[in-house]
Amino acid sequence: MTTVFEDRRGAAPPGAGVETIFAELLAQVLRVERVSADSHFFDDLGADSLVMAHFCARVRKRGDLPPVSMRDVYRHPTLRSLAAALADAAPRPAKPPVSAAIDAPTPTSTREYVLCGALQALSFLAYSYVVVRAIAEGYAWVSAGSNAAEIYLRLVLASSAAFLFVCAIPIAAKWVLVGRWKAREIRLWSLDYVRFWIVKTLVRSSPAARLFIGTPLYALYLKALGARIGPGAVILSRRVPVCTDLLTIGSGAVIRKEAIFNCYRAQAGRIETGPVTLGRDAFVGERSVLDINTSMGDGAQLGHASALHSGQAVPAGERWHGSPAQPTEANYLSVPPANCGALRRAGYAAAALLVVLLFYLPLIQGGASLAIAGASSLAEALYPSAGASVLSRLFVEAVILSLLLFFGLALIGLLLTVAVSRALNPFIKPDTVYPLFGFHAAMHRAIARIGSLKFFTFLFGDSSYVVHYLQWLGYRLSPVEQTGSNFGIEVAHANPSLSSVGSGTMVADGLMLVNDEVSNSSFRVSRVAVGPHNFVGNDVTYPAGGKTGKDVLLGTKVMVPLVGQVREGVGLLGSPCFEIPRSVERDSRFDHLRTGEALRRGLAAKNRYNLRTIGIFLFTRWVGVFCFSIFYLAALELYEVLPHALGAGFFAASVVVTAVYFALLHRGLEAWHPLQPTICSIYHPDFWAAERLWKVHPIYLLHTFDGTPFKNVLWRMMGVRIGRRVFDDGAHLSEPALTTIGEDAVLNYRSKIQCHSQEDGTFKCDRTTIGAGCSIGVGAFVLYGVTMGDGAALAADSFLMKGEDVPPRARWGGNPAREM
């Protein structure tokens with residue numbers, strides 16, 4: 001078939017040669033005979049982002065044309081405007097120069113890979129041995145108390161000693177195994193890497209990193225690990241840095257929740273460590289990523305959903321945002337200061353420590369001991385020791401304990417989540433400035449933490465029932481237009497009573513409503529309102545004052561604008577964002593199923609299916625707790641009978657067996673209704689089956705095995721086609737059966753490969769292939785239908801759009817990603 005270029009005006013404009021080639025390539029992708037230079041890609045030709053991604057890939061493969069990115073396509077949506085905009089761009093050479101290619105990979109060996117896994121397993125067993133001995137000895141000592149007062153005192157002393165010991169282990173391990181971190185390279189799977197992994201795992205699992213984040217005590221903990229932190233710095237991020245000697249945080253700096261500043265990254269067979277430097281009064285926004293070798297000057301700001309790529313530096317006093325970051329006029333730190341001196345900070349830190357030592361730890365340990373004792377008593381009553389074997393009694397005791405823990409904690413947690421959010425909210429007035437440390441700050445932290453328990457959004461998300469749960473918390477959602485998929489399984493907020501989502505809006509996973517503004521001395525909470533009839537994609541951070549109104553599509557990882565006019569009736573994509581079409585023809589083919597009788601029937605069928613999914617979720621999660629309980633109880637009850645090392649083996653097995661169980665469960669459910677590349681309505685059983693797989697996905701349990709060869713074994717069990725020696729430092733693969741990863745690939749911390757999208761009422765999924773030796777950066781996001789050639793690299797916090805084809809050994813980055 002011959003493709004003919006047609007110019008509506010009849011004249012051959014400058015650059016017509018490029019236009020002609022563009023027209024030929026686009027016609028081939030669209031499978032039409034001819035296209036016009038003035039036809040709008042989306043409005044006239046009916047193309048969508050997937051089609052245009054294929055067009056961009058064909059342009060790149062020619063080698064004699066200027067490279068075209070998806071950002072170029074959206075900014076210049078006709079062939080004429082696109083060719084004119086790229087007229088001055090140099091063609092991409094058929095073979096890029098050596099300087100443009102990524103660094104040569106560091107070779108790894110299978111022998112070291114196996115040895116590394118063995119040493120990691122031995123390290124875990126050794127740690128389990130210490131834990132089992134400490135628990136058993138502590139339980140025996142506490143139980144020896146003669147009365148309630150003495151038992152409580154012993155409980156406080158035992159739990160405090162254990163807590164301080166566990167907090168001290170990462171510090172001691174870091175200084176003994178590593179000393180001071182320096183900027184260097186560590187070959188993956190080597191003995192140096194084993195030391196790195198031990199320290200990283202201990203530092204991130206420390207209870208100090210979980211309980212004291214956002215308080216002055218957390219800064220002291222990081223200082224003990226070697227970080228240089230100035231007075232008055234506020235670190236709210238739950239992403240604990242590892243190479244702390246390379247971290248410098250100036251006095252008064254603020255780092256928001258979910259910001260990542262590891263001081264290391266993995267790439268091409270090695271760990272690279274490097275400095276991260278923040279000046280005095282610097283500000284880092286929500287879900288931002290600081291790569292190694294980055295810096296911010298005094299008073300500099302990095303906005304939400306932004307990233308500094310390696311080598312970037314924000315000058316003093318400047319505001320930057322985007323991925324990679326660039327200058328902006330938006331102000332991300334507008335809350336006025338408050339009186340918050342050293343005495344207030346010290347008092348708050350002391351109060352936080354006392355609450356943990358005198359209330360939280362005794363409650364957790366005492367509650368667990370009471371549950372074990374109660375389960376043991378019931379098991380003894382049902383199966384007296386004289387008439388039952390030890391194994392059968394352990395089985396019954398594990399059943400009782402797991403029922404008490406799982407369903408008891410679920411019910412208590414639901415009541416507390418709803419009650420605490422509503423009971424404490426009157427103590428916080430909207431748009432009022434409070435000191436950062438004090439009574440109001442404690443109330444705000446309690447609301448944010450208790451109201452954001454992930455279990456209940458996993459339980460109710462992707463169903464009609466999540467709307468009722470969020471309304472119980474305090475969300476303003478009425479009038480509700482029920483779709484059965486109003487919200488996904490991950491929704492976060494700082495204050496649910498100040499969260500509002502407009503009628504008819506659908507939200508995918510990962511929405512974060514930023515209700516609070518925080519400085520180094522003050523905070524205030526404000527209402528966040530997402531407009532009506534929006535669609536909100538994955539991992540969107542929506543701050544107070546976001547400039548969007550009704551009928552807006554917020555794309556995956558989009559940066560919500562804070563300046564300019566209010567956007568309505570458009571789509572927004574990228575960081576910083578730019579406008580795209582609100583919808584395309586392909587996404588509207590199922591609109592007839594979203595109204596009238598068709599909606600009623602589809603919603604009723606979906607609700608029935610989702611109820612069964614919720615039942616499966618609860619039952620299978622309880623079985624997982626049972627698996628853990630039976631090995632845990634065996635480790636404790638046989639402590640005096642069997643060698644202590646064998647008891648440690650039971651404790652370690654409780655984690656491994658539970659992980660294997662959930663991996664095989666996911667694989668079994670997927671085999672029951674296989675997930676295949678498809679485009680369908682959200683009222684189709686194929687979509688409901690995908691939702692079921694997301695709900696039973698063992699996301700957080702898999703992170704226990706980050707950085708080990710065992711993570712790859714679990715991925716294979718779940719259906720991932722994964723090569724040898726793949727390094728996974730904490731990635732999430734949403735559809736394992738549709739994901740292929742080549743050998744020696746590198747998946748960095750909090751990276752994500754998602755083989756689906758769901759826009760309005762349309763679900764789309766397809767396969768994604770990551771080639772051998774590829775590297776996916778920290779916090780990067782890869783969508784469906786993507787192919788990354790061997791040795792390609794994707795920079796930190798980048799968004800690789802659906803259908804992209806990354807050439808071998810190319811370096812891509814940005815949001816949306818393009819060749820760098």
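The values are calculated or read from the model by the stated rules, or taken from the named source; none is laboratory data. Source: prediction; values computed, not measured. FYI the Cβ positions are ideal-geometry reconstructions off the backbone, even for glycines, and counts take in every protein chain you see. Areas reflect the complete protein model, heavy atoms only, side chains present, ligands, DNA and RNA absent. Shrake-Rupley method; radii C 1.70, N 1.55, O 1.52, S 1.80 Å.
I'd like to know if the stretch 783-806 contains one or more residues that are over 25 Å from Q326 (Cβ atoms), among the hydroxyl-bearing types (S, T, Y) and part of a loop (DSSP other than H, G, I, E, B).
Within the stretch 783-806 (the criterion being over 25 Å from Q326 (Cβ atoms), among the hydroxyl-bearing types (S, T, Y) and part of a loop (DSSP other than H, G, I, E, B)), the answer is yes, since at least one residue qualifies.
Just to be sure, is D797 open to solvent by 10 Å² or more (accessible area, probe 1.4 Å) and at positive phi? Give the derivation first.
Numbers: open to solvent by 10 Å² or more (accessible area, probe 1.4 Å): no; at positive phi: yes.
No, not satisfied.
Out of T273, T277, report the one residue that is under 23 Å from the mean Cα position of the chain (by Cα) and among the polar types (S, T, N, Q).
Numbers: T277 fails: under 23 Å from the mean Cα position of the chain (by Cα).
None of the other options fit; the residue is T273.
Looking only at the stretch 331-360, count how many residues are under 19 Å from G279 (Cβ atoms) and surrounded by fewer than 21 Cβ atoms within 10 Å (Cβ to Cβ).
If we filter the stretch 331-360 for residues that are under 19 Å from G279 (Cβ atoms), which is where we start, we get 331-333, 337.
Still in the list and also surrounded by fewer than 21 Cβ atoms within 10 Å (Cβ to Cβ): 331, 333, 337.
Final tally of qualifying residues: 3.
Exactly one of (1) of a type in the set (A, V, I, L, M, F, W, C); (2) in contact (Cβ under 8 Å) with a residue 60 or more places away in the chain; (3) open to solvent by 50 Å² or more (accessible area, probe 1.4 Å) is unmet by L378. Its number?
All conditions are met except number (2).
Got at least one residue in the stretch 519-542 being acidic (D, E) and either over 30 Å from G252 (Cα atoms) or without any contact (Cβ under 8 Å) to a residue 12 or more places away in the chain (or both)?
Let us first name the residues in the stretch 519-542 that are acidic (D, E), namely 539.
Now narrow it down to the ones that are either over 30 Å from G252 (Cα atoms) or without any contact (Cβ under 8 Å) to a residue 12 or more places away in the chain (or both): none.
Within the stretch 519-542, none of the residues are acidic (D, E) and either over 30 Å from G252 (Cα atoms) or without any contact (Cβ under 8 Å) to a residue 12 or more places away in the chain (or both).
Could you please find all residues in the stretch 730-755 being part of a loop (DSSP other than H, G, I, E, B) and basic (K, R)? Lay out the reasoning, then the answer.
Taking the stretch 730-755 first, the residues part of a loop (DSSP other than H, G, I, E, B) are 730-731, 734-735, 742-745, 748-751, 754-755.
Of everything in the stretch 730-755, just one residue is part of a loop (DSSP other than H, G, I, E, B) and basic (K, R), namely R750.
Please determine, by comparing only the residues of the stretch 496-531 that are among the small types (G, A, S) and part of a strand (DSSP E or B), which one is surrounded by the most Cβ atoms within 10 Å (Cβ to Cβ).
Restricting attention to the stretch 496-531, the residues satisfying the condition of being among the small types (G, A, S) are 497, 499-500, 502-504, 508, 510, 519, 521-522, 526, 529, 531.
Imposing the further condition that a residue be part of a strand (DSSP E or B) reduces the set to 499-500, 522, 529.
Values: S499: 25, S500: 16, S522: 19, A529: 19.
Going through the qualifying residues, I end up with S499.
For the stretch 131-158, which positions are in contact (Cβ under 8 Å) with a residue 24 or more places away in the chain, open to solvent by 50 Å² or more (accessible area, probe 1.4 Å) and not small (G, A, S)?
R133, I135, Y139, Y152
For the stretch 259-295, which residues satisfy the criterion of being in contact (Cβ under 8 Å) with a residue 60 or more places away in the chain, of a type in the set (D, E, K, R) and not in a strand (DSSP E or B)?
Of everything in the stretch 259-295, those that are in contact (Cβ under 8 Å) with a residue 60 or more places away in the chain, of a type in the set (D, E, K, R) and not in a strand (DSSP E or B) turn out to be D281, E286, R287, D291.
Filter the stretch 532-555 for residues that are among the small types (G, A, S) and farther than 19 Å from E759 by Cβ; which is most open to solvent (accessible area, probe 1.4 Å)?
Filtering the stretch 532-555 for residues among the small types (G, A, S) gives 537, 544-546, 549, 555.
In the following step, the residues that additionally are farther than 19 Å from E759 by Cβ were identified as 544-546.
Values: A544: 32, G545: 51, G546: 18 Å².
So, considering only residues that are among the small types (G, A, S) and farther than 19 Å from E759 by Cβ, the one most open to solvent (accessible area, probe 1.4 Å) is G545.
So which residues in the stretch 303-313 are in a strand (DSSP E or B) and touching a residue at least 24 places away in the same chain (Cβ under 8 Å)?
To start, the set of residues in the stretch 303-313 that are in a strand (DSSP E or B) comprises 307-308, 313.
Correct list: A307 only.
List pairs: first residue in the stretch 160-182 and under 13 Å from L202 (Cα atoms), second residue small (G, A, S) and surrounded by 12 or more Cβ atoms within 10 Å (Cβ to Cβ) anywhere in the structure, Cβ distance under 6 angstrom, at least six positions apart or on different chains.
That search, which allows pairs on different chains as well, returns C167/S206; C167/A208; P170/S206; I171/A224.
Quick one: count up the residues across the stretch 40-56 that are open to solvent by 10 Å² or more (accessible area, probe 1.4 Å) and not in a loop (DSSP other than H, G, I, E, B).
Number of matching residues: 4.
Could you pull out the residue among K257, K200, K174 that is among the charged types (D, E, K, R) and either modelled with pLDDT under 95 or open to solvent by 30 Å² or more (accessible area, probe 1.4 Å) (or both)? If you could, list the steps in order and put the result at the bottom.
Numbers: K200 fails: either modelled with pLDDT under 95 or open to solvent by 30 Å² or more (accessible area, probe 1.4 Å) (or both); K174 fails: either modelled with pLDDT under 95 or open to solvent by 30 Å² or more (accessible area, probe 1.4 Å) (or both).
Exactly one residue qualifies, and that residue is K257.
Please note which helices (runs of 4 or more DSSP H) are completely contained in the stretch 430-476 and include at least 1 residues that are of a type in the set (S, T, Y).
Working: elements: 439-450, 454-460, 465-473.
Fully inside the stretch 430-476 and qualifying: 454-460, 465-473.
Please enumerate the residues belonging to the stretch 679-714 that are in contact with a Pro (Cβ under 9 Å, 6 or more places away or on another chain) and in contact (Cβ under 8 Å) with a residue 24 or more places away in the chain.
The initial filter retains those residues of the stretch 679-714 that are in contact with a Pro (Cβ under 9 Å, 6 or more places away or on another chain), namely 689, 693, 697, 714.
If the condition is that a residue be in contact with a Pro (Cβ under 9 Å, 6 or more places away or on another chain) and in contact (Cβ under 8 Å) with a residue 24 or more places away in the chain, then L693, H697, L714 are the ones that fit.
I'd like to check something: does the stretch 314-323 contain any residue that is crowded, with 17+ Cβ neighbours inside 10 Å, of a type in the set (D, E) and touching a Pro at 6+ places or on another chain (Cβ under 9 Å)?
To start, the set of residues in the stretch 314-323 that are crowded, with 17+ Cβ neighbours inside 10 Å comprises 314, 319-323.
Those left that are additionally of a type in the set (D, E): none.
No.
Quick check on V466: is it β-branched (V, I, T), surrounded by fewer than 17 Cβ atoms within 10 Å (Cβ to Cβ) and either at negative phi or modelled with pLDDT of 90 or more (or both)?
On the way: β-branched (V, I, T): yes; surrounded by fewer than 17 Cβ atoms within 10 Å (Cβ to Cβ): no; either at negative phi or modelled with pLDDT of 90 or more (or both): yes.
Considered against the rule, which asks whether it is β-branched (V, I, T), surrounded by fewer than 17 Cβ atoms within 10 Å (Cβ to Cβ) and either at negative phi or modelled with pLDDT of 90 or more (or both), V466 comes out as no.
What pairs come out if I take residues in the stretch 350-366 that are within 17 Å of G138 (Cα to Cα) and in contact (Cβ under 8 Å) with a residue 60 or more places away in the chain and pair them with residues that are hydroxyl-bearing (S, T, Y) and assigned to a helix (DSSP H, G or I) whose C-beta lies under 6 Å away, six or more apart or interchain?
The qualifying pairs are L357/S160; L361/S159; P362/S159; Q365/S159.
Give the residues of the stretch 248-258 that are free of Cβ contacts under 8 Å to residues at least 60 places away in the same chain, assigned to a strand (DSSP E or B) and closer than 15 Å to V234 by Cβ, sorted by residue number.
Listed by number, the residues that qualify are I249, I255.
Here is a check on your reading of the model: is R716 within 19 Å of L669 (Cβ to Cβ), more than 20 Å from the chain's Cα centre (by Cα) and surrounded by fewer than 21 Cβ atoms within 10 Å (Cβ to Cβ)?
Working: within 19 Å of L669 (Cβ to Cβ): yes; more than 20 Å from the chain's Cα centre (by Cα): yes; surrounded by fewer than 21 Cβ atoms within 10 Å (Cβ to Cβ): yes.
Judged against the criteria, R716 is a match.
Could you identify the single residue in R133, R75, R111 that is modelled with pLDDT under 85 and among the basic types (K, R)? Don't jump to the end; show me each part of the working.
On the way: R75 fails: modelled with pLDDT under 85; R111 fails: modelled with pLDDT under 85.
None of the others qualify; the one that does is R133.
Which residues, counting only those in the stretch 703-729, are of a type in the set (A, V, I, L, M) and not in a loop (DSSP other than H, G, I, E, B)? If you could, list the steps in order and put the result at the bottom.
Filtering the stretch 703-729 down to residues of a type in the set (A, V, I, L, M) leaves 713-714, 717-718, 720, 722, 726.
Passing the criteria: V713, L714, M717, I722.
Can you pull out the residues in the stretch 75-88 that are open to solvent by 30 Å² or more (accessible area, probe 1.4 Å) and either touching a residue at least 60 places away in the same chain (Cβ under 8 Å) or on the phi > 0 side of the Ramachandran plot (or both)?
R75, R80, A84, A87 - these are the residues of the stretch 75-88 that are open to solvent by 30 Å² or more (accessible area, probe 1.4 Å) and either touching a residue at least 60 places away in the same chain (Cβ under 8 Å) or on the phi > 0 side of the Ramachandran plot (or both).
Restricting the search to the stretch 556-613, which residues are part of a helix (DSSP H, G or I), hydrophobic (A, V, I, L, M, F, W, C) and either open to solvent by 40 Å² or more (accessible area, probe 1.4 Å) or under 29 Å from F456 (Cβ atoms) (or both)? If you could, list the steps in order and put the result at the bottom.
Keep residues of the stretch 556-613 that are part of a helix (DSSP H, G or I), which gives 585-588, 591-594, 596-613.
Filter once more, keeping what is hydrophobic (A, V, I, L, M, F, W, C): 593, 598-599, 603-605, 611.
Residues satisfying the conditions are L593, L599, L603, A604, A605, L611.
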